[in-house]
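Step one of this worksheet: look at the structure below.
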Amino acid sequence: MSGNTRCRERFNFGWRFCPGDPADAHEPGFDDADWRPIDLPHDWSIEGQADESIGPANGFRPRGVGWYRRRFQVLRSVDGRRVCVEFEGVYMASDVWVNGRHLSRRLNGYLDYEVEITGALRPAGEENVIAVRVDNSIPGTSRWYTGGGIYRHVWLVQTADLHVPRCGTYVTTPVIRPEAAIVRVQTRVRNDSEHERLVTLLTTITDPAGAAAVTGRAVFPVEPRSDYTASQEMEVPSPRLWAPDDPALYTAVTIVADESGEQDRYHTTFGVREFRFDPDQGLLVNGTKVFCKGFNIHHDTGCLGTAAFDRAIERRLEIMKELGCNAVRLSHNPHATSLLDLCDRMGILVISEAYDKWTDQFNGGMAPFSETWRSDVADWLARDRNHASVFLWSVGNEPTVHQLSAEHGYGVPQLTELVDYVHAQEPTRKVTAALYPARRHGIRYDDPAYRTAEPSEMMFAMDVVSVNYMESFFDRDHARYPQLVFVLSEATTHWSGNPLEADSGGGRALASFRFDHAYTVGLFYWGGIDYIGESEGWPSQGWVRGFVDTSGGYKPSAWLLKASFSDEPVVGLAITSLSREETVVWNDVELVSSEIARHWNWENGSTVEVTAFTNCESVEFLVNGHSLGERVVRDEDRLAVSQRLMWEPGAITAIARTGGVEVARDELTTAALACRIELRSDVQALNADGLDLAHVTVLVVDDKGTVVPDARHTITFEVAGQGTNAGVDNGDLGCGELWQSESRSVCRGRALVVVRSGQEPGTVTIRATAAGLSPAAISIPVSSVG
């Protein structure tokens with residue numbers, strides 16, 4: 001760091017961790033020598049053994065109290081400077097001490113926060129001790145897996161006493177024309193000194209190629225110990241617009257200077273784009289209709305728990321895009337900042353959501369919702385408002401205590417307060433809240449009057465109407481209330497006879513077929529990726545009805561989704577066992593499903609139903625090269641054609657054609673006996689930053705390389721060199737094995753080991769062995785960043 005400019009460095013490494021609540025652990029002289037060395041991000045709950053007595057909401061994972069400590073030095077005088085620690089997420093009820101001085105307490109575990117430590121620091125070059133106590137012992141703080149600990153990134157930030165505070169810029173584009181766009185940058189400048197400062201503010205807008213497009217200059221005084229917000233408008237010529245198919249990003253580079261020179265430099269990434277909602281067209285991005293094809297996701301990433309590694313998040317988004325998704329709803333809390341950064345760069349539209357219920361759950365019952373929601377919402381909006389990908393704010397999800405209750409005005413008073421507050425803080429986007437499946441006066445979906453009831457009162461108190469599982473009302477409500485704009489915020493991921501999906505025409509169809517896309521914003525499948533928590537019952541540790549399992553593997557239904565969402569030709573085979581079907585009730589929703597699989601290993605003499613999911617015009621099935629005839633895919637088939645047949649070993653093939661020409665093909669082959677292991681990494685190289693990840697898929701195959709679906713071998717892993725084993729998975733949430741382990745059994749012939757890079761250049765080698773199988777090993781280079 002030179003001069004007085006900002007220095008922001010990672011504070012993730014060199015911590016020590018202790019589960020439990022030892023006395024005096026905040027004191028700098030406390031002996032933590034026997035504590036476990038740990039590097040962040042870290043989720044301690046994922047390390048433990050699942051326990052049925054804990055309950056399904058948290059995935060049967062252990063809760064409790066834990067402590068983190070770290071020693072550090074600040075190598076220059078803090079005179080005229082400000083030193084802070086930024087925590088991107090600590091779950092939950094965190095207390096922070098530096099050198100024995102208590103500096104902060106934060107209840108909400110989903111929000112970023114900053115702790116100023118300047119006044120608690122020892123002289124330059126001397127050792128300081130930071131201690132963080134985390135209390136996740138209270139049950140019921142969320143209905144899904146929360147994780148526990150310092151589970152997101154931490155930063156040490158040093159600035160001059162004249163600086164831009166955290167989240168201190170707000171960039172909007174009020175006027176967009178082909179020839180020019182007006183970019184408005186509001187910058188808050190903080191003067192922490194004891195005398196007035198005359199500030200020169202220079203803001204340069206750089207284009208997506210990094211070239212300076214325009215610079216604005218402002219000069220103003222800032223009084224001692226106070227803030228001043230400057231507003232600058234600049235004209236950017238021939239703007240390149242951000243859109244899902246071209247996510248072009250600009251940067252506002254802000255320089256704060258006084259008579260002695262530059263004091264601070266602050267970067268803000270943003271997009272030039274317009275979001276508009278129309279009751280007859282849904283969502284318009286830069287004047288063009290875009291139909292949102294999305295998932296709801298929770299914040300865990302399988303075997304890593306909630307530890308927010310950027311690469312793990314990126315891999316999930318890549319999988320979603322491969323399936324044709326262009327949008328995501330962040331259920332039901334603020335997610336990691338890096339996820340929003342990735343969505344900005346990848347062109348994924350985002351519904352950013354602040355809350356689940358309007359209760360004290362996110363405060364662990366330690367403070368009422370009424371006392372904390374305003375400050376929480378302000379922090380959330382300030383953090384997320386500059387992200388190009390965020391197109392809609394959501395202030396809640398199924399707030400049943402309010403929505404179903406006359407005492408609470410059927411949710412309207414609280415919703416109105418939230419919507420008005422968001423509009424005042426961030427007026428450029430619309431606001432919504434996702435509704436529980438109930439109609440006017442709280443009439444629930446299981447009430448005989450539900451089908452004829454009028455819309456929920458809350459629908460008329462939000463800008464965009466978000467409903468969960470109520471798409472069957474869209475046409476009627478659109479005709480009667482033409483001003484309303486609709487989005488299906490939760491849709492089921494499976495074929496079913498779900499009572500919430502009446503009027504769907506029956507059969508096996510995804511929710512995307514059950515309403516008119518022309519006037520609606522889009523749909524978001526619930527739990528598109530399996531997640532921990534909200535289990536249907538022990539021993540399952542979570543939601544298991546997604547299109548993608550926790551290891552990132554496609555389930556057979558993913559091919560139906562891909563056929564629905566993708567613009568490219570798609571065909572995918574799925575084999576249904578006709579003898580197995582189950583019905584369960586989850587979260588007041590009845591779920592019916594059959595066992596479907598993507599393999600060609602069945603019992604001799606068994607009858608199976610072969611289905612091809614496709615967006616093409618016709619499909620021809622072949623068994624061992626013999627044609628079973630060509631099937632035309634009709635509208636009523638809804639992208640799925642099937643044929644029942646007697647199974648025989650060999651191969652089943654589906655050839656998809658459009659215009660009589662083959663455009664896609666899929667084949668499943670009968671596997672022989674398992675004989676060896678194969679390893680496949682999702683990356684070819686790793687960064688030596690201590691945070692990069694390789695997701696190494698483990699396959700148990702026969703002598704021809706076909707995955708053996710009934711293999712159940714236990715794979716043992718050895719990770720050597722510049723990397724460590726960060727977690728193991730097999731996509732089976734009913735598996736009781738540890739996620740943090742040196743071994744894992746395969747499920748359907750597959751498993752996963754996640755490798756975390758070291759901080760030095762070199763190579764990491766992963767070796768996998770199992771009894772009765774030939775072993776496998778791969779090496780991945782680990783290179784210096786930059």
| query | When Thr268 is evaluated against the numbered criteria (1) closer than 28 Å to Val485 by Cβ; (2) surrounded by 17 or more Cβ atoms within 10 Å (Cβ to Cβ); (3) of a type in the set (Val, Ile, Thr), which criterion, by number, is the only one it fails? | reply | (1)
| task | Return only the number of the condition from (1) hydroxyl-bearing (Ser, Thr, Tyr); (2) surrounded by 19 or more Cβ atoms within 10 Å (Cβ to Cβ); (3) under 30 Å from Ser142 (Cα atoms); (4) at pLDDT 95 or above that Thr614 does not satisfy. | result | (3)
| query | For region 14-92, which fully contained strands (runs of 3 or more DSSP E) count at least 2 residues that are over 20 Å from Gly305 (Cβ atoms)? | reply | 64-73, 81-87
| Among (1) out of contact with any Asp or Glu (no Cβ under 7 Å at 6 or more places or on another chain); (2) within 26 Å of Ser540 (Cβ to Cβ), which single condition is Gln740 missing? | (1)
| request: Determine if region 162-174 includes at least one residue that is open to solvent by 20 Å² or more (accessible area, probe 1.4 Å), in a strand (DSSP E or B) and touching a Pro at 6+ places or on another chain (Cβ under 7 Å). | output: no
| field | When residues of region 749-782 are limited to those that are touching an Asp or Glu at 6+ places or on another chain (Cβ under 8 Å) and outside any strand (DSSP E or B), the one surrounded by the fewest Cβ atoms within 10 Å (Cβ to Cβ) | value | Gln759
| Is it true that Asn286 is farther than 22 Å from Ser231 by Cα, polar (S, T, N, Q), open to solvent by less than 30 Å² (accessible area, probe 1.4 Å) and out of contact with any helix residue (DSSP H, G or I) (no Cβ under 8 Å at 6 or more places or on another chain)? | no
| message | For region 745-775: of the residues being touching a Lys or Arg at 6+ places or on another chain (Cβ under 7 Å) and among the aliphatic types (A, V, I, L, M), which is farthest from Arg311 (Cα to Cα)? | response | Leu773
| request: Taking Arg105 as meeting all but one of (1) open to solvent by 10 Å² or more (accessible area, probe 1.4 Å); (2) assigned to a loop (DSSP other than H, G, I, E, B); (3) out of contact with any Leu (no Cβ under 9 Å at 6 or more places or on another chain), write down the number of the exception. | output: (2)
| field | Only one of Glu259, Glu235 that is modelled with pLDDT of 95 or more, among the acidic types (Asp, Glu) and farther than 30 Å from Val431 by Cα | value | Glu259
| request: Within region 653-670, identify whether any single residue is more than 19 Å from Glu568 (Cα to Cα), modelled with pLDDT of 95 or more and surrounded by fewer than 17 Cβ atoms within 10 Å (Cβ to Cβ), and answer yes or no. | output: no
| query | How many residues, within region 292-338, are hydroxyl-bearing (Ser, Thr, Tyr), in contact with a His (Cβ under 7 Å, 6 or more places away or on another chain) and over 30 Å from Gln281 (Cα atoms)? | reply | 1
| request: Count, please, the residues in region 148-159 that happen to be among the small types (Gly, Ala, Ser) and either surrounded by fewer than 21 Cβ atoms within 10 Å (Cβ to Cβ) or closer than 23 Å to His387 by Cβ (or both). | output: 0
| note | Note on region 454-468: residues open to solvent by 10 Å² or more (accessible area, probe 1.4 Å) and assigned to a loop (DSSP other than H, G, I, E, B) are Glu454, Met462, Asp463
| message | Show me the strands (runs of 3 or more DSSP E) entirely contained within region 243-346 in which 2 or more residues are within 16 Å of the chain's Cα centre (by Cα) and under 27 Å from Asp376 (Cα atoms). | response | 292-297, 327-330
| Does any residue in region 29-55 that is in contact (Cβ under 8 Å) with a residue 24 or more places away in the chain come within less than 7 Å, Cβ to Cβ, of a residue that is in a loop (DSSP other than H, G, I, E, B) and open to solvent by 70 Å² or more (accessible area, probe 1.4 Å) six or more places away or on a different chain, and which pairs are these? | Phe30/Asp24; Ser45/Arg63; Glu52/Trp538; Gly55/Pro139
| request: Pick out the one residue from Ala243, Ala211, Ala218 that is touching a residue at least 60 places away in the same chain (Cβ under 8 Å) and either among the hydrophobic types (A, V, I, L, M, F, W, C) or buried (at least 17 other Cβ atoms within 10 Å of the Cβ) (or both). | output: Ala243
| query | Do you know which residues across region 131-147 are open to solvent by 20 Å² or more (accessible area, probe 1.4 Å) and at pLDDT 95 or above? | reply | Arg133, Asp135, Ser137
| Identity of the residue in region 350-391, of a type in the set (Phe, Trp, Tyr) and over 17 Å from the mean Cα position of the chain (by Cα), that ends up surrounded by the fewest Cβ atoms within 10 Å (Cβ to Cβ) | Phe369
| request: Among the residues of region 597-645, write down those that are in a strand (DSSP E or B) and among the acidic types (Asp, Glu). | output: Glu609, Glu620, Glu630
| Can you name every residue in region 180-207 that is open to solvent by 50 Å² or more (accessible area, probe 1.4 Å) and either under 18 Å from Asp264 (Cα atoms) or not in a strand (DSSP E or B) (or both)? | Gln186, Arg188, Arg190, Glu194, His195, Glu196, Leu198, Leu202
| Long-range neighbours under 7 Å by Cβ, at least six apart or interchain, first residue in contact (Cβ under 8 Å) with a residue 60 or more places away in the chain and closer than 21 Å to Arg276 by Cβ within region 423-442, second open to solvent by 20 Å² or more (accessible area, probe 1.4 Å) and of a type in the set (Asp, Glu) | Lys430/Asp463; Thr432/Asp463
| task | List every residue pair whose Cβ atoms sit under 9 Å apart, with the two residues 6 or more apart in sequence or on different chains, where the first one lies in region 540-569 and is without any contact (Cβ under 8 Å) to a residue 12 or more places away in the chain and open to solvent by 10 Å² or more (accessible area, probe 1.4 Å) and the second, anywhere, is part of a loop (DSSP other than H, G, I, E, B) and among the polar types (S, T, N, Q). | result | Glu568/Asn615
| How many of the residues making up region 632-648 are open to solvent by 30 Å² or more (accessible area, probe 1.4 Å), closer than 18 Å to Thr576 by Cβ, of a type outside the set (Lys, Arg) and out of contact with any Lys or Arg (no Cβ under 9 Å at 6 or more places or on another chain)? | 3
| Would you say Pro19 is open to solvent by 70 Å² or more (accessible area, probe 1.4 Å), touching a Lys or Arg at 6+ places or on another chain (Cβ under 8 Å) and over 30 Å from Ser193 (Cβ atoms)? | no
| Condition met for Gly727 (open to solvent by less than 40 Å² (accessible area, probe 1.4 Å) and not in a loop (DSSP other than H, G, I, E, B)) | yes
| note | Of those in region 393-444 that are open to solvent by less than 30 Å² (accessible area, probe 1.4 Å) and assigned to a loop (DSSP other than H, G, I, E, B), the residue nearest to Ala327 (Cα to Cα) is Arg429
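The values are calculated or read from the model by the stated rules, or taken from the named source; none is laboratory data. Note that the coordinates shown come from a computational prediction; the quantities given were computed from them, not determined experimentally. Reconstructed Cβ throughout: ideal geometry from the backbone, glycine too, with neighbour counts over all protein chains shown. Side chains are part of the model used for accessible areas, which takes the heavy atoms of the whole protein and leaves out ligands, DNA and RNA. Shrake-Rupley method; radii C 1.70, N 1.55, O 1.52, S 1.80 Å.
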